[in-house]
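All remarks here apply to the structure that follows.
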Amino acid sequence: TEKMRQESVNAMTHEFKRPISSAVAMTSVIPFYLERGEQERALTFVKSIEIEMNKLTEYTKRIQQISNNEKQHVKMNRTDVEIVPFFEYLQKRYAVSEDHQRKVILNLMVETAKQVMWVDLLHFSNVMDNLLENAIKYTISPVVTIDINVTDTSNGLKVSIKDNGIGISASDKKHIFDKFYRVKRTETKCKTGFGLGLTYVKSIVEAHRGTISVISELNRGSEFIVIFQG
């Protein structure tokens, strides 16, 4: 029982770490910009902190709902979000790895005629965070390479996230979006998590009237493809 309790606490701490650490880092630089009279720059960080704290709140609700087997009715607040600034922000944020022994290279290619996408900013940000966090988490190479490609489809957008990670077996691919499912491999035993991330990702993508799929082979990386009406 104690071991299960410790594993649950460790997993929850890991999942909450990203929004908390991001908010703390941004809070620490606000006084610097205020002293220099750069109020607009400081306000940008304030807005980013609000987004990270909202992510934390929503993630708490998500764990409660999924863990308690509650039927989820995701409330979407879709707005026009500028495509290039959104993905460039992701690129900058993940350029610095928390693991100083590894380097993260995030390549971004945006080839779309659209300037905005119609998404729920909070939930869609969480989807991208989950996919990028998994790409980093399940890459054992000292250099993590992630390619994000944003292209047009006939009636929306396609977002591809491809990594050089450990890959997923054919048998595991059938279940990775299932609730609480975790790949049982030697390389993943030390990786914390509830097995809820991809369940949530799939539910949000479908709430955007989209689909998510994965192309992967063992030891050859993975590519998650999100197609939605943007």
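The values are calculated or read from the model by the stated rules, or taken from the named source; none is laboratory data. Just so it is clear, the model here is predicted, and its values are computed rather than measured. Note that we place each Cβ from the backbone using ideal geometry, even for glycine, and neighbour counts take in every protein chain shown. These area figures cover heavy atoms from the full protein model, side chains too; ligands, DNA and RNA do not enter into them. Shrake-Rupley method; radii C 1.70, N 1.55, O 1.52, S 1.80 Å.
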Test result for Ile30, modelled with pLDDT of 75 or more and open to solvent by less than 70 Å² (accessible area, probe 1.4 Å): yes
Those residues of segment 194-230 which are on the phi > 0 side of the Ramachandran plot, open to solvent by 40 Å² or more (accessible area, probe 1.4 Å) and modelled with pLDDT under 90, in sequence order: Asn219
Hey, Lys71 modelled with pLDDT under 85, open to solvent by 70 Å² or more (accessible area, probe 1.4 Å), farther than 17 Å from Ala23 by Cα and of a type outside the set (S, T, N, Q) or not: yes
The one condition in (1) over 18 Å from the mean Cα position of the chain (by Cα); (2) modelled with pLDDT of 85 or more; (3) not in a strand (DSSP E or B) that Thr151 fails to fulfil: (3)
Residues that are without any contact (Cβ under 8 Å) to a residue 60 or more places away in the chain and under 18 Å from the mean Cα position of the chain (by Cα), drawn from segment 111-138: Met128, Leu132, Ile136, Lys137
Thr79, sole failed condition from (1) surrounded by 13 or more Cβ atoms within 10 Å (Cβ to Cβ); (2) touching an Asp or Glu at 6+ places or on another chain (Cβ under 8 Å); (3) at pLDDT 85 or above: (1)
Flag for Glu52 being at pLDDT below 85, buried (at least 16 other Cβ atoms within 10 Å of the Cβ) and under 25 Å from Val150 (Cα atoms): yes
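How many of the residues making up segment 100-137 are in a loop (DSSP other than H, G, I, E, B), at pLDDT below 90, open to solvent by less than 60 Å² (accessible area, probe 1.4 Å) and not basic (Lys, Arg)?
0
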Long-range neighbours under 6 Å by Cβ, at least six apart or interchain, first residue closer than 14 Å to Glu88 by Cα and free of Cβ contacts under 8 Å to residues at least 60 places away in the same chain within segment 141-156, second of a type in the set (S, T, N, Q) and surrounded by 13 or more Cβ atoms within 10 Å (Cβ to Cβ): Asn149/Ser160
